[in-house]
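Report on the following structure.
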Amino acid sequence: MKINKNIVWTIAMKDIKGITSNKQVLIGLIILPLIFAVIFPTVFILLLNFVPLTSTEVETMTNTILSALPNGDSKDTINQLPSFNHQMIYVVVNYLLGSMFLLIPVINSMMIALNSFVGEKERGTLESLLFAPITVKELFIGKVLSAFVPTMVLTVGSFVIFGVITTAITYPIFNGFIFPNTNWLLLVFWLSPILTLFTILIEVLVSARSKSFQEAQQIGGLVILPIVGLFVGQATGMLIISPIILLLVGMFLLMINVLLIFLISKYNNRNTLFESQV
Amino acid sequence: MVPIIQVRGIQKQFDARTVLHDVSFTVNQGDIVGLLGPNGSGKTTIIRLLNGVIEPTAGQMRINHWDPHTEGHKIRKISGILTDGAGLYHEMTGVDNLRFFGKLYGVNDENRIQQLLTDFQLADHQQKKVGTYSTGMKRRLGIIKAILHNPTILFLDEPTNGLDPEGIHMVLENIYTLNKQYGTTIFLCSHILHQIESVCTQYLFLDRGTIIESGTKSELEKKYIKEISVKIETNAVVKELNPLYKVAKQDGSFVTFTLQTKDELPGLLEDILRKQYWIHHVEIQNRDLESLYFQIRGERNEDK
């Protein structure tokens with residue numbers, strides 16, 4: 001059956017309006033970008049620049065990342081920086097904060113998408129939707145969009161704010177731009193949308209099968225683990241982000257997304273959706 | 001008479017629990033059918049099955065010649081549903097709820113939304129969030145949601161639940177008007193029998209997951225009412241009346257007679273009047289739906 005775009009957008013817009021009109025939800029969604037796009041970079045960079053660091057951990061971490069970097073432009077750029085402090089700031093901005101930044105799309109889309117079906121169930125409105133002349137496919141796409149659109153707006157918005165703050169602080173230190181580099185552009189415009197979709201698909205699938213928000217949260221929360229892994233990968237030098245790695249991770253997730261869409265369309269019909277709510 | 005809903009041998013199990021077993025009935029186009037049964041007898045499950053929201057374990061159904069399992073989408077387009085909880089978004093205003101569901105049903109006619117809000121006396125409350133509505137207001141809004149797209153079949157699950165007498169009157173009047181004006185077939189579930197008696201043309205009695213009886217009220221009366229109980233307000237001295245008319249009870253000027261058939265009633269009244277007594281009120285007592293309901297359920301339980 002042909003997908004009715006009007007219906008898909010009606011469902012998506014209803015949910016988006018629900019998010020933006022609920023102050024508590026909105027504050028919850030804004031806190032994360034505030035931490036990762038404003039507070040973290042400001043505090044990190046300023047600390048590294050103005051407080052004489054005695055912490056050997058940051059030093060060791062920077063060295064680990066530097067030694068793990070493949071020979072090439074990035075390594076040369078870092079090695080040419082005037083001091084070890086400069087190098088640390090460069091590494092924090094372009095490697096550590098990057099992997100942390102991914103938590104914005106992942107956690108935000110997770111919170112919205114987890115609530116997608118469970119929220120309808122808990123409010124007793126899912127039945128109204130199942131009785132309506134809409135296909136389960138339209139309902140799913142609507143739900144996916146209602147999490148995807150706000151998440152991407154928040155992610156790109158956070159990236160811009162992060163960029164302005166980071167540049168404002170680092171420009172005088174470096175006498176030039178150290179941000180954004182290819183890694184960052186790929187993180188925000190290639191990996192973030194794919195990762196957001198991946199998170200949403202997983203969460204929508206979990207949400208459609210869960211009876212309560214709490215239950216959905218317990219299972220759905222696991223999706224955060226790969227991001228933690230990526231962060232640990234940076235810190236230990238085991239998996240340093242580079243354009244090639246980001247492209248490959250994106251491709252891999254894209255394939256998983258296709259698989260998830262196939263799974264969702266196969267296992268979620270009206271009857272299954274309905275029976276999971278009683 | 002064109003059948004619009006045909007159900008044959010439907011069974012429904014949820015895990016090991018059998019909710020319906022062997023349900024069969026037919027509803028003709030333009031009828032107002034009351035599906036009656038105690039709580040938990042499977043009334044809501046039947047509505048869900050007929051709309052293809054859930055699948056039957058066994059049996060066949062046709063709604064407007066469509067199979068709910070494979071052609072549910074077509075059925076849902078011509079159906080209007082009021083579920084028990086009304087299924088409205090409490091954080092949205094009344095009018096926003098209607099606009100949202102209107103779009104899902106392909107209705108973008110703001111005039112129609114406003115007209116219905118006026119008809120159901122909700123126009124002044126349309127900008128308030130549904131969460132602040134009283135139970136009756138939610139139910140009325142739920143009914144508007146159900147009829148917004150002028151459905152061919154209207155399924156109403158306990159439509160008068162939580163309504164005050166004025167609300168009940170408003171809802172029943174609207175159901176009746178819809179049926180008369182547009183020929184809408186109405187499938188109504190309820191356990192509050194006296195309220196729906198005035199609108200239904202046909203009844204289905206559901207008990208323990210199966211239809212135990214069906215028919216129009218007069219058909220059911222003929223079948224189940226063996227004796228007529230008539231309450232008459234009169235100053236007649238009962239001893240002077242024909243002994244054929246048995247007196248069951250006398251309470252001042254109210255005398256209750258037991259007759260074999262309705263046909264004996266004119267003779268009884270004639271007898272009273274001929275003897276120069278007055279009659280102020282006559283009422284057949286055991287012909288209401290509730291009496292029929294208990295009689296039918298009672299007989300079925302005796303059979304078991």
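Loop-located trypsin sites (Lys or Arg not before Pro) in the stretch B:156-232 (DSSP state other than H, G, I, E, B) with a sparse environment of at most 13 neighbouring Cβ atoms within 10 Å: B:LYS226.
When the pairs A:LYS266/B:LYS145; A:LYS14/B:LYS129; A:LYS211/B:LYS128; A:LYS5/B:LYS77 are compared against a 19 Å limit on Cα-Cα distance, A:LYS266/B:LYS145; A:LYS211/B:LYS128 fall above it. Computed from Cα atoms, the angle from the helix A:225-236 axis to the main principal axis of chain A rounds to 10 degrees.
Rounded to the nearest 0.05, what FRET efficiency is calculated for B:HIS90 and B:GLN6 with R0 set to 45 Å and r the Cβ-Cβ distance? Efficiency computed from Cβ-Cβ geometry: 0.75.
With both labels modelled 7 Å from their Cα along Cα-to-Cβ, the B:HIS69 to B:GLN121 distance reads 4.6 nm. Pick from B:LEU82, B:LEU292, B:LEU141 the residue whose mean-square fluctuation is largest in a GNM of chain B, springs joining Cα atoms under 10 Å. It is B:LEU292. Looking at the protein assembly as shown, the DSSP beta bridges with both ends there are about 65 percent antiparallel. Close amide H pairs (under 5 Å, H built 1.01 Å from N) link B:MET92 with B:VAL130, B:GLY131, residues at least 5 positions away or on another chain. Each DSSP beta bridge with both residues in the stretch B:157-301 is either parallel or antiparallel, and the antiparallel ones are about 95%. Distance between the 7 Å Cα→Cβ label points at B:GLN114 and A:LYS2: 3.2 nm.
Of all beta bridges DSSP finds with both residues in chain B, what is the antiparallel percent, to the nearest 5?
Roughly 65 percent of the beta bridges in chain B run antiparallel, per DSSP.
In the elastic network of chain A, a GNM with C-alpha springs shorter than 10 Å, the most mobile of A:LEU46, A:LEU191, A:LEU205 is A:LEU46.
Only the coordinates and a few stated rules stand behind these numbers; no lab work does. None of these values were measured; they are calculated from a predicted model. Every residue, glycine among them, receives a Cβ derived from its backbone with ideal geometry; neighbour counts consider all protein chains shown.
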